[in-house]
Amino acid sequence: MFRLDPAIPARSDLDWCWYLRRQGASGEVLERALHDIGVMQPGGWAAWGPSELGSTGAPVQMVFSTATDSLALATEVDDPATCKTTRVDQVCRFMRQFGSVLPSDALREVISSAQGGEPLRFGAWLGLRHEKAAGTSTSLLAELPAGATDLAPLIGTDVLQGLLDQLDGAARPTMIGFDGATGNSTIYCAAVATSRAILPILAEPAQVSPDVLSYAIDGLVDITPTPRLPVDNFYFSYELDADGRQPPALTIWLRAATLFQSDAAIAARIQSCGGRRLSGYAALIENNPPAPAGQTHHGYIGLRARQGAAPDLTVSVAAPWHAHID
């Protein structure tokens, strides 16, 4: 198990640690966990190469959602510059230390087969979430390389496999998530589509309104509706209920830097579209230094569709980080 005594930040960690501690007990728990994982070493940020988590190379991203007040993040579990083929095992080891449910052997075998022999960008990331009532939970985010084949066992349902067949090469799975608290799995896909005609196809398995999703995208980007989507490439995911009693939950993901050129512009739109309800978001934006030219701290903006209601908003933001210099 992880220790619960407070971490002592190095000078280069101070701003980041102060941000987490300002978030109360949840922030302190996540700070301790990151320290024990090795992301925040006693000498400062771990001496790691840049991460694929975001454009700044930071090995940690905070994840904010209007659906919950819990504090959540995604993190590397080892130096991104080292071998990535063991990352799934490393993430599962940390999940076990937190007492989480682990992916089944069958799921891990399918992931291993999908990753076997293919070049990996990141291998796997660890998700951490802390809620006052429920405590700390973890999740696995495992990469599915472009060359992976025979993913039918991973998709898990005929509905989703049929959807990918219907899109006929316009989308492919890129990542699978496993929630160590609920046992739910999430399939993440990349899509190449410019027409809004794809939205009804995606909305049907989730039993949600494609029109509501379309309105939400237009409102987020602040554009006049046209037959074209505001992006040529976007992402979507389906969360699959472990008991199979609920339809898969659909989220549309848009890369923030594709829509807006700066963190200031992104934050302004987020704030006007419900961002004031994102617990801890404004404090991190204020705490982050300006991003280098051509980069943004913001990663992805998610619109999680709901039946009969506007989508929930999710935003990922990189932690402040400076690459280690020898």
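Taken together, the values in this text are just the output of simple stated rules run on the coordinates, not laboratory data. Computed from a predicted model, the values in this text were never measured in an experiment. Please note: Cβ atoms are built from the backbone with ideal geometry, for glycine as well, and neighbour counts cover all protein chains shown.
Listing for the model above:
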{"quantity": "Residues Val63, Val221, sorted so that the one with the fewest Cβ neighbours within 10 Å comes first", "calculated": "Val221, Val63"}
{"quantity": "Computed helical MRE - 222 nm, the chain, DSSP H runs ≥ 4 contributing -39500 (n - 2.57), nearest 500", "calculated": "-8500 deg cm²/dmol"}
{"quantity": "Intensity falloff of the chain expressed as log10 I(q)/I(0), Debye formula with alpha-carbon point scatterers, at q = 0.11, 0.14 Å⁻¹", "calculated": "-0.69, -1.17"}
{"quantity": "Exposure proxy order (Cβ contacts within 10 Å, fewest to most) of Asp79, Asp165", "calculated": "Asp165, Asp79"}
{"quantity": "Ala146-Thr68 FRET efficiency (beta carbon distance; Förster radius 35 Å; 0.05 resolution)", "calculated": "0.60"}
{"quantity": "The stretch 190-326: relative contact order in percent, alpha carbon pairs under 8 Å with at least 6 residues between", "calculated": "25"}
{"quantity": "The stretch 11-318, relative contact order in percent, only Cα pairs under 8 angstrom and at least six apart counted", "calculated": "18"}
{"quantity": "Three-way shape call for the stretch 124-282 based on the alpha-carbon gyration tensor, with the a/c threshold at 1.5", "calculated": "oblate"}
{"quantity": "Distant-in-sequence amide H partners of Trp48 (H built 1.01 Å from N, under 5 Å)", "calculated": "His324"}
{"quantity": "The chain: most fluctuating residue of Pro205, Pro227, Pro289 per GNM, C-alpha cutoff 10 Å", "calculated": "Pro227"}
{"quantity": "Range in the chain, longest, excluding exposed trypsin sites (Lys or Arg not before Pro) [loop by DSSP; at most 16 other beta-carbon atoms within 10 Å]", "calculated": "133-244"}
{"quantity": "³J(HN,Hα) computed for each position of the stretch 281-291 - Karplus, 6.51 cos²θ - 1.76 cosθ + 1.60, integer Hz, glycine/proline x", "calculated": "5, 4, 5, 6, 4, 5, 7, 6, x, x, 6"}
{"quantity": "Integer Hz, Karplus 6.51/-1.76/1.60 couplings in order for the stretch 292-308, x for Gly and Pro", "calculated": "x, 4, x, 10, 9, 5, 5, x, 10, 10, x, 10, 8, 5, 10, 6, x"}
{"quantity": "Over the stretch 248-326, relative contact order from alpha-carbon pairs under 8 Å, at least 6 apart, %", "calculated": "37"}
{"quantity": "Footprinting exposure proxy for Trp18, Trp45 (fewest neighbouring C-beta atoms within 10 Å first)", "calculated": "Trp18, Trp45"}
{"quantity": "About the Cα centre, charge dipole magnitude for the stretch 176-240 (Lys/Arg +1, Asp/Glu -1 at Cβ), debye", "calculated": "140"}
